[in-house]
1. Checking S58 against (1) farther than 19 Å from I103 by Cβ; (2) surrounded by 14 or more Cβ atoms within 10 Å (Cβ to Cβ): exactly one of these is not met. Which one?
2. If we keep just the residues of the stretch 24-39 that are touching a residue at least 12 places away in the same chain (Cβ under 8 Å) and part of a loop (DSSP other than H, G, I, E, B), which is surrounded by the fewest Cβ atoms within 10 Å (Cβ to Cβ)?
3. Residue by residue through the stretch 86-101, note down the ones that are part of a loop (DSSP other than H, G, I, E, B) and under 23 Å from A69 (Cβ atoms).
4. Condition (residue is outside any helix (DSSP H, G or I), more than 22 Å from V10 (Cα to Cα) and not polar (S, T, N, Q)) applied to the stretch 49-61: is it met by at least one residue?
5. With without any contact (Cβ under 8 Å) to a residue 60 or more places away in the chain and over 15 Å from the mean Cα position of the chain (by Cα) as the only criterion, which of S58, S42 stands out?
6. Inside the stretch 10-69, can you point out the residues that are of a type in the set (D, E, K, R) and touching a helix residue (DSSP H, G or I) at 6+ places or on another chain (Cβ under 7 Å)?
7. Mind checking whether some residue in the stretch 6-22 is in a helix (DSSP H, G or I) and in contact with a Phe, Trp or Tyr (Cβ under 8 Å, 6 or more places away or on another chain)?
Amino acid sequence: MRNDKENLIVNLSIDFALQIIEYCELLENKRKFIISNQLLKSGTSIGANVHEAQNAESKADFIHKIKIAAKEADETDYWLTLCNLSPSYPNPVGLDVKITSIIHVLSKIISSSKTNPS
């Protein structure tokens with residue numbers, strides 16, 4: 001199922017993962033290791049699952065992998081919310097908007113994949 005043309009969700013998830021890595025490095029410098037670790041895992045897992053979905057063996061496999069990416073995105077949104085609300089954490093500037101956008105795109109992919117035959 002791999003398609004080498006421009007792919008919005010692949011690009012969004014890679015860009016987001018790179019920004020999460022930077023933010024987690026900032027958290028680690030501030031000795032916020034536990035949240036940094038959780039956020040790094042979930043935030044980079046989105047792209048890993050999206051990337052894996054590009055080589056899905058079937059439509060069902062593709063949908064399954066995208067659903068996993070969506071769950072990781074939801075978890076990432078949770079960790080970013082905690083960082084945003086905690087006064088002792090640096091503000092994750094712009095990451096909340098980006099994760100919301102990614103969640104929206106993943107939801108669209110899931111719904112259109114379920115309704116489109118092929």
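1. (2) is the only condition that S58 fails.
2. Only one residue tops the list, namely K30.
3. Those that are part of a loop (DSSP other than H, G, I, E, B) and under 23 Å from A69 (Cβ atoms): P92, G94.
4. no
5. The unique qualifying residue is S58.
6. E28, E52, K59, K65, K67, listed by residue number.
7. Checked the stretch 6-22: no residue is in a helix (DSSP H, G or I) and in contact with a Phe, Trp or Tyr (Cβ under 8 Å, 6 or more places away or on another chain).
Any read-out appearing in this document is the output of simple, stated calculations on the displayed coordinates, not a laboratory observation. Predicted, not measured: the structure shown is a model, and the values here were computed from it. A quick note on method: Cβ atoms are made from the backbone with ideal geometry, for glycine too, and the neighbour counts reach across all protein chains shown.
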